[in-house]
Amino acid sequence: MNAALFLLAVLSPIVVAVLSAFPSIRKVTDSIAPWTAAMAFGATFGVRPEVTIDLPWLMLGARVGLDVTGQLFLAFTSLLWLLAGVYARSYLRNDAGRHRFFAFYLVAMAGNFGLILAHDLLTFVAFFAMMSFSAYGLITHDRHAESWRAGRTYIILVVLGEVLLFAGLVLAALQADSLLFEDVRAVIALSSARDVIVALLLVGFGIKLGVVPLHFWLPLAHPVAPTPASAVLSGAMIKAGLLGWMRFLPLGEAVMPNWGALCIVVGFMAAFYGVIVGLTHINAKTVLAYSSVSQMGLVVVAVGSAFTGPTAWPTVSAALAVFALHHAISKGALFLGVGVADGKFDASWKRWLVCVGLMLPALALAGAPFTLGGAAKVALNQATTSGVTPWAELCEVSLPISSIATTLLMARFLFLVWPHPREEHHKLSPGMWLPWSLLVTGVVGMTWALYWHGALDPYWFKTTPASLWKNTWPIAAGTGLAVFVLCNERLSAWLSRLYFPAGDVVVPIAAMWLRLVMFWNRRLLNPLAHCSSLVSSWWSATDAPNVTLPFSRLSLLESWGAVGLLVMLLAAALFVLLVL
């Protein structure tokens, strides 16, 4: 029974995606596509935790199952895919390419579910790759120039991440002589190549998580992807990087102070960098993308705390799980809210209701009390400051400041997306406002449901005056700063001139790459082509048979495919040198 539920959760989206290739039944497949996520959502509650099933006939022998962490991840992931899919049916109802969108959507969904259910290395990597490559079709859906640019950047980073993950996990698996998570983690903790493996896994999964400085695919992808795709990209898919860290890194099994220090420093840099850059943008979805960069920085800080103090891992893992749940629900509500706020309302009370619905997840993201975000921020604060580490004091000071920064960024988002009265009136489709309303309700309702169920630590819900003040003053300070800037016209005008291009670090990288290509063509290819032309002329003047020289026109080397091949060969050579 359990095996059937697990298989249905992964196979049902794939089957519907395959059936969508037949034009005669596309209306049916489009209608049922979102509901295939219900299989995974049902498996979350239909299977008790800590159940594992061996499937010796699958690949090299797969193990699937649900532990407590996997159950939570599958619950919020499947819920978000389900609601975003229902939203997409209405959002794309007049889009001629909606069949293509749902095909990629379903395959990415199946990959996301599969990696959560996986309990061995090979199954995890296979489904992780399925999800990652399928997401390319969601990003490039509208096929505009900006979409192709974002897609190219994304797919380059996906390939790089897959290569790094493959290298790190193969090194670990060879030493473990096993593909099971627990065996791989134990070997990594004791391996002589531990630092190399940890570096490969941190970067490989960090790309998916949007860790600075490998974050730039996020602000490029979110503005061009359809709104429901942005919701699952930021709410569900980037959490696969976090889950990968939790599954494979030897957190709680080895003390690695250097990696811990690096993660904490990089994490706080990302937390503030994402806010600073996000504040300069005028596209609401770009602002939300940089918000994800900032929030994932806090995740990196928590992982760093576990590196420096392994005994804190049980507390850190619980905090990371509830933070992932909070971020998925809140960020999904914010992204879907962008489309809802863009509608036209025939009554002012509806417009104000939407405003309240936008403010709730924004406040949750800032860590407001009585919300899922408030519980998550308290959990992170407890996890990063309770241990006896040199970094506890820094975390104690920096976390409230990060809440102030998040409040400022959310104020910027609300300013950009705030619905205004319009001359034309158009009722929003229930297919759009109902999924969004459910997510907004979950921001608060899910918090207390989990609390009363006993699934969350009561410490995260302390309502003493001191606790409420500690969680409220950063939001009040951030709100006050936002109001001050808004009311100061001169300061607002000066700040409005500040701008970082979407993708920030990728812009100078792309410029440098273009200069390298031009240098390659001018200094090497052109002289080589000239020499080849002279040789060809001399060869033709003789009585030798008519032979086309391989470099007569250099068509091979002048192609981007050849350049990419050369780069991949160079990367492979560097990797071999690194391993040796």
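Values quoted throughout were computed directly from the atomic coordinates according to the rules given, and no laboratory measurement underlies them. All values reported here derive from a predicted model rather than from experimental measurement. No Cβ is skipped: glycine too gets one built from the backbone with ideal geometry, and neighbour counts run over all protein chains shown.
Net charge in the neighbourhood of Thr52 (other residues with Cβ under 14 Å of its Cβ; Lys, Arg +1, Asp, Glu -1) is -3. Highest mean packing first, where packing is the average number of other Cβ atoms within 10 Å per residue, the peptides 95-106, 476-487, 111-122 line up as 111-122, 95-106, 476-487.
How would segment 103-197 be classified by its alpha-carbon gyration tensor: rounded, prolate or oblate, with rounded meaning a/c under 1.5 and the a/b versus b/c comparison settling the rest?
Because a/c hits 1.5 or more and a/b fails to exceed b/c, segment 103-197 counts as oblate.
The residues neighbouring Ala172, those whose beta-carbon lies less than 15 Å from its own, together hold a net charge of -3 under the Lys/Arg +1, Asp/Glu -1 convention.
Cα extents for segment 1-250 along the principal axes, largest to smallest and rounded to whole angstrom: 57, 44, 27. Remark: relative contact order (segment 232-336) = 39 percent; criterion is Cα-Cα distance under 8 angstrom and separation of 6 or more residues. A simple count of charges around Ser234, restricted to other residues whose Cβ falls under 12 Å of its Cβ and scoring Lys, Arg +1 and Asp, Glu -1, yields +4.
For segment 1-250, relative contact order (Cα pairs under 8 Å, six or more residues apart, normalised by length) works out to 19 percent. Only Cα pairs under 8 Å and 6+ residues apart enter the sum, and on that basis the relative contact order of segment 1-69 stands at 29 percent.
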